[in-house]
Structure formats: structure tokens, C-alpha cells
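First the structure, which I've put down as C-alpha cells, then a few questions once you've had a look.
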Amino acid sequence: MARPRLARPGRARPRRQKMVLGILAAVLVLAVAGSVGLYAYGRSLNGDLKRTDAFSGLSDRPSAAVVGALNVLVLGSDTRDPGITNAEDPARSDTMMLLHVDADHQHAYVISIPRDTWVHVPAAPDGNGDTMAKINAAYAWGGTPLAVKTVEEFTGVRIDHVVLVDFGGFQKVIDAMGGVDLSVDQTITSIFPPYRVFTAGRRHLNGDEALDYVRQRYQYDDGDLTREKHQQQLLAALLDQAAKAGTLTNLGRLDDLLRSVTACLTVDKGFDLVGVSLALRNLRGPDVTYLTSPIAGMDWEGDEAVVLPDQNQAAQLYQAVRQDTVGSYLHGGSGPPNPARIGG
């Protein structure tokens, strides 16, 4: 019997949300601007970050198209996901986002690249790769450098920095905020013990519950696409909750929050938290637009369910990233964003 063709996901309008790195960076810079002594605090946070040689061995890379623009590859994994068995390689990336900050630092775009996107993965040092595969195979085969090389080949965009986020580590952050409010879009039952039921509607969740919810993917027609959306919602809601709780104006609680978040991050060796913060200091929620890399549909490659990129639309989007004209690309020169240009 022929394998059924998977349904094409619907297109979605961009969502303007608070982005975890942008908002935390803005808060840090506001504090630094208020006191020279707090500059040392920012450096202390910078020293707490774990480091990785993200660009080791890379050559023939794309050139930076516009001076002042910033492109950051965000890789998300969940080392505490109960769905990972001992037989599986824990070194995998479940979430991949390209953050582009305009050269004038007045707007940012976060482009989610579904982990099952079917692309060419270049050769890894151990001989793996140089084949078509799901894009998250790059991280499993060659770590951060191969993930960078694969994304640069796919997009033609030069990556300036890399941030790896362990979503499992956000449990302490969420609990420190007294939980988080999330909008559950449909009633589902978790596939992990204790098999919680998440009822549709606005819900207040603690750390365990929130991470359980954003780990779910098999209950949705588009699987990882919905999971990525829920992860973005969690990050945005977490910062909303922090602001409501007065955390951002309480230095003690702010310190706990910032150090909890930095504990979840690994960055490239050249990443400077204070420097990046300066670039992002003017960004607020309405200045950040979330997109999905353009998708042609979902299908099968052998026994693998994959996401097929829309090559034409993707080429246009990433050309706009290289030229720092994403806003014009989305608006068609004027007016509201054009949903026909946005991946679903």
C-alpha cells in the first residue's frame, strides 16, 4: 500500500512576541546604563556562560552582506526530555532558529527552521554527511560546526554567533516565577508519565507541567511545527510572567532569573553578552517578528517523514536576510505583512 502523503501545514501570520534573549539583553543594558558598577555584573554573567568552538574548521563561508546586521543561530535541545532513551544520541537539536537583527538594531526577525527540513548536509569530519537528510542530523553528526555549515549552505546567510538553549533547564526559571500562563490551543493527553491532560484554554502551569506541554508533538497533524510554536510561546510567556511579578524591577529576583537563564545557555567562544546586549538594547516585543522558514509541504523520504522547503520562497527570504531588507520583503514595500511570503 502506498504511504499516504502528509498534509501540508497551513500558513501562519508572523507573531510579534517578546524574545528571551532580546528582552533579557535589554534589561541588562538598562541596568548597565544606570550604573557603571553594574557593567562588571554584566561581565560576570558573561563569564558564567558555557562556551563551544562553534566555527571550528569552517571554510568557504558566506560573507557578511551588511555592516552592523547580526545573525545568530539558536539551537534548542531538551536533555531532560523523557522521550530520549539511552539508545538515542542526546546530542541533538530539536529546535533551530535564525535570529536576524537589522543593521539599525531597531527590529529583529526570528525564523524557525523545522528540524525535519529536508536539506543537503555537508560532510562531517568523521565521514558522515554529504547527503540529503533532515537538517537536525547535522548537529548529531558533526556538532555545532556542522549545524552552522548546514544552515549557511541552506540559507546563504553567514552566522555571526551561536546560542544553544537547554529547554529542560527552564524548569527552575519557571518555578522561580511562580509558574507561567499559557494558552493551550487544543485538549491533549501527554505521552509521558504521569500522562497529564492539558485542557484547551488559558492555563497556569508550573515548571514540570509547562515543559511537559511544550515537549508534545505526536498529537498534532504538523508535529514539530506546533511544538516549535509552543516553545516560542513558553519563552514569551515566561518573560511576561517575570514582568508581572515585578522581577525586572527587583535586583535580587532579577539576578536569580538572569543566572538561571545563563545556566541554560552555551554560546560560541566569541559571544559577548554585553556587546550583544548593546545591539539589542532598543528592542521590545513589537519590534520582534517570528516567522517559519517557507515550507512547500510534508512528505516521505524512504521511511522518514520530512518537511519540504519551498525553494523559491526560501531563496527570496534569505536573500532579504543577507541584504538586510526583511521588513520590505514581508511588507511588499508597504502595508501589513504579506502572509503569502511567510512559511507556515
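Determine which single condition D208 fails, assuming it passes every other condition in (1) more than 25 Å from L308 (Cβ to Cβ); (2) part of a loop (DSSP other than H, G, I, E, B); (3) of a type outside the set (F, W, Y).
Of the numbered conditions (1) more than 25 Å from L308 (Cβ to Cβ); (2) part of a loop (DSSP other than H, G, I, E, B); (3) of a type outside the set (F, W, Y), the odd one out for D208 is (2).
Next question, about the same structure. Which one of these is surrounded by fewer than 22 Cβ atoms within 10 Å (Cβ to Cβ), of a type in the set (A, V, I, L, M) and within 19 Å of the chain's Cα centre (by Cα): A176, A140, A200, A147?
On inspection, the qualifying residue turns out to be A140.
How many residues does region 254-309 contain that are under 20 Å from the mean Cα position of the chain (by Cα), in a strand (DSSP E or B) and more than 27 Å from Y329 (Cβ to Cβ)?
4
Condition first: in contact with a helix residue (DSSP H, G or I) (Cβ under 7 Å, 6 or more places away or on another chain), part of a strand (DSSP E or B) and at pLDDT 95 or above. Now tell me which residues in region 106-146 satisfy that.
Passing the criteria: V119, H120, V121.
Looking at region 179-189, which of the residues that are touching a strand residue (DSSP E or B) at 6+ places or on another chain (Cβ under 8 Å) and not β-branched (V, I, T) is surrounded by the most Cβ atoms within 10 Å (Cβ to Cβ)? Give the steps one after another, and end with the answer.
The initial filter retains those residues of region 179-189 that are touching a strand residue (DSSP E or B) at 6+ places or on another chain (Cβ under 8 Å), namely 179-184, 187-189.
Right, trim to not β-branched (V, I, T) and you get 179, 181-183.
Numbers: G179: 18, D181: 14, L182: 23, S183: 11.
Across region 179-189, the extreme among qualifying residues is L182.
Go through (1) modelled with pLDDT of 85 or more; (2) assigned to a helix (DSSP H, G or I) one by one and return the number of the condition P193 breaks.
The one condition P193 does not meet is (2).
From the residues in region 203-238 that are farther than 18 Å from G179 by Cβ and aromatic (F, W, Y), which one is surrounded by the fewest Cβ atoms within 10 Å (Cβ to Cβ)?
The extreme case among them is Y218.
Right, something else. Suppose we filter region 256-288 for residues that are among the hydroxyl-bearing types (S, T, Y) and modelled with pLDDT of 85 or more; how many remain?
Narrowing region 256-288 to residues among the hydroxyl-bearing types (S, T, Y): 260, 262, 266, 277.
Retained after the next criterion (residues that are modelled with pLDDT of 85 or more): 266.
The qualifying residues number 1.
Examine region 160-171 for a residue that is over 17 Å from the mean Cα position of the chain (by Cα), part of a helix (DSSP H, G or I) and in contact (Cβ under 8 Å) with a residue 40 or more places away in the chain, and state whether such a residue exists.
If we filter region 160-171 for residues that are over 17 Å from the mean Cα position of the chain (by Cα), which is where we start, we get 171.
Going one step further and asking which of them are part of a helix (DSSP H, G or I), we end up with 171.
If we keep only those that are in contact (Cβ under 8 Å) with a residue 40 or more places away in the chain as well, we get 171.
For region 160-171, residues over 17 Å from the mean Cα position of the chain (by Cα), part of a helix (DSSP H, G or I) and in contact (Cβ under 8 Å) with a residue 40 or more places away in the chain: present.
Can you give me the number of residues within region 190-240 that are of a type in the set (D, E, K, R) and in contact with a Leu (Cβ under 8 Å, 6 or more places away or on another chain)? Write out each step before concluding.
Step one: filter region 190-240 for residues of a type in the set (D, E, K, R), giving 196, 202-203, 208-209, 212, 215, 217, 221-222, 224, 227-229, 240.
Now narrow it down to the ones that are in contact with a Leu (Cβ under 8 Å, 6 or more places away or on another chain): 202-203.
The number of residues fulfilling the criteria is 2.
Going residue by residue through region 131-146, is there one that turns out to be charged (D, E, K, R) and without any contact (Cβ under 8 Å) to a residue 40 or more places away in the chain?
No, because not a single residue in region 131-146 is charged (D, E, K, R) and without any contact (Cβ under 8 Å) to a residue 40 or more places away in the chain.
Would you call F192 out of contact with any strand residue (DSSP E or B) (no Cβ under 8 Å at 6 or more places or on another chain) and within 19 Å of V110 (Cβ to Cβ)? Please lay out each step first, then the result.
Details: out of contact with any strand residue (DSSP E or B) (no Cβ under 8 Å at 6 or more places or on another chain): yes; within 19 Å of V110 (Cβ to Cβ): no.
So F192 fails the test.
Could you please find all residues in region 226-252 being at pLDDT 70 or above and charged (D, E, K, R)?
Within region 226-252, R227, E228, K229 qualify.
What number of residues within region 276-312 satisfy the criterion of being at negative phi and surrounded by fewer than 14 Cβ atoms within 10 Å (Cβ to Cβ)?
Of the residues in region 276-312, 8 are at negative phi and surrounded by fewer than 14 Cβ atoms within 10 Å (Cβ to Cβ).
To continue, here is another question. The conditions are (1) within 30 Å of A69 (Cα to Cα); (2) in a loop (DSSP other than H, G, I, E, B); (3) among the charged types (D, E, K, R), and K149 fails exactly one of them. Which is it?
So the condition that K149 fails would be (2).
Matching residues to (1) in a loop (DSSP other than H, G, I, E, B); (2) of a type in the set (S, T, N, Q); (3) within 16 Å of S260 (Cβ to Cβ); (4) out of contact with any helix residue (DSSP H, G or I) (no Cβ under 6 Å at 6 or more places or on another chain):
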residue: V173; (1), (2), (3), (4): no, no, yes, no
residue: R217; (1), (2), (3), (4): yes, no, no, no
residue: Q231; (1), (2), (3), (4): no, yes, no, no
residue: L234; (1), (2), (3), (4): no, no, yes, no
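The values are calculated or read from the model by the stated rules, or taken from the named source; none is laboratory data. Source: prediction; values computed, not measured. Here the Cβ is made from the backbone with ideal geometry for all residues, glycine too, and neighbour counts use every protein chain on show.
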